[in-house]
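Right, one structure below, let's go through it.
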Amino acid sequence: MRLILDTNIYSDYAEGNHEVVDIIAERGSEICFPVIVLGELYYGFRKSVRKKLNELKMEQFIKRFHVEIITVDENVARKYALIYEYLEQKGRKLPINDVWISACCMADGGTLLTRDRHFSHVDQIEKIIL
């Protein structure tokens with residue numbers, strides 16, 4: 001399965017959460033990060049006293065699992081507009097970064113792995129919500 005990791009899932013993995021480690025090991029034939037997730041992680045690292053260690057661990061994770069980075073292009077931007085409009089019509093609000101993450105998932109076709117329940121309102125993507 002092509003798994004697209006949300007920020008909280010990578011954080012759980014880095015902390016050794018067994019449920020997340022097992023799901024990635026058992027189901028993740030391919031692992032991806034939307035570039036937005038990288039931005040959120042780098043931001044979190046900047047606020048940490050273990051900035052360099054956290055960055056090194058993430059770089060090792062990316063190399064070990066051959067993580068593909070999903071970039072934002074015109075196709076993703078169009079998916080963003082579609083999802084944002086859909087959520088607006090449903091009267092649902094998601095954090096803007098999560099709309100972008102959803103758009104990356106929709107454009108890529110992979111399955112989002114997350115802990116954030118609000119992704120359940122995004123009908124356009126496959127997801128596993130822990």
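Rule-based calculations on the coordinates, nothing more; no lab input. Since the structure is predicted, the reported quantities are computational estimates derived from the model, not experimental observations. Methodologically, a virtual Cβ is constructed for each residue, glycine included, from the backbone with ideal geometry; neighbour enumeration extends over all protein chains shown.
List of remarks:
- Summing Cβ point charges (Lys, Arg +1; Asp, Glu -1) relative to the Cα centre of the chain gives a dipole of roughly 440 debye.
- Total formal charge among the other residues, if their Cβ is under 9 angstrom from that of residue 3, Lys/Arg +1 and Asp/Glu -1: +1
- Long-range amide H partners of residue 112 with built H, under 5 Å: 4, 126, 127, 128
- Calculated from backbone phi, Karplus (6.51, -1.76, 1.60) coupling profile of segment 49-57 in Hz, x at Gly/Pro: 6, 9, 3, 5, 4, 4, 5, 4, 4
- Count Lys and Arg as plus one, Asp and Glu as minus one, and take only other residues whose Cβ is under 12 Å from that of residue 81; the net charge is then -1.
- Its residue count N fixes a reference of 2.2 N^0.38 Å for segment 2-129, and the Cα radius of gyration divided by that reference is 1.04.
- Sites count as exposed loop sites when they are trypsin sites (Lys or Arg not before Pro), lie in a DSSP loop, and have at most 14 other Cβ atoms within 10 angstrom; the longest stretch of the chain without one is 1-46.
- Relative contact order of segment 2-129, pairs being alpha-carbon contacts under 8 Å that are 6 or more residues apart, as %: 30 percent
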